[in-house]
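Okay, so here's the structure we're looking at.
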Amino acid sequence: NVTFRDAYIGPFTAIMSAVEILGSEIEHSIVMEGSRITGLTDRVTDSLIGRNVTISRYPAKPAALRFMLGDRSEVGIS
């Protein structure tokens, strides 16, 4: 089961099972099983998102970026 609500799924995107994409946009990416992407204001592109990953935006201020990254991870912010 996959859930898309108020979402844009662009070309060249692979979505595996049990994924939720809510209020977000994604293209040219792979999203593995059990992951959840919610409330992002910027489009996710050119990304590989592993299993059971949660990506969400918290509207609280002050705004900050928070990461929990494994070995040999790569993050690009523009």
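None of the figures in this text is laboratory data; all of them are computed from the coordinates on show. Every value quoted in this text rests on a predicted model; they were computed, and no experiment measured them. Positions of Cβ are backbone-derived with ideal geometry, glycine not excepted, and every protein chain shown enters the neighbour counts.
Structure above, values below:
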| quantity | calculated |
| --- | --- |
| Spin-label pair residue 66/residue 38, simplified geometry with 7 Å Cα→Cβ offset, distance in nm | 1.3 |
| Exposure proxy ranking, count of Cβ atoms within 10 Å, fewest first, for 73, 24, 47 | 73, 47, 24 |
| Residue order, fewest to most beta carbons within 10 Å, for 3, 13 | 3, 13 |
| Residue with peak Gaussian network fluctuation, the chain [Cα springs, cutoff 10 Å], from 55, 21, 37 | 55 |
| Rounded, prolate or oblate (a/c below 1.5 giving rounded, otherwise prolate when a/b exceeds b/c) for the stretch 3-56 by Cα gyration tensor | rounded |
| Farthest toward positive dipole pole in the stretch 3-56 [+1 Lys/Arg, -1 Asp/Glu at C-beta], among 28, 39, 17 | 17 |
| Cβ-based exposure ranking for 5, 66, 57, in which fewest neighbours within 10 Å come first | 66, 5, 57 |
| Using θ = phi - 60° and Karplus 6.51 cos²θ - 1.76 cosθ + 1.60, couplings along the stretch 56-65 (whole Hz; Gly, Pro as x) | 8, 10, 9, x, 5, 10, x, 6, 7, 9 |
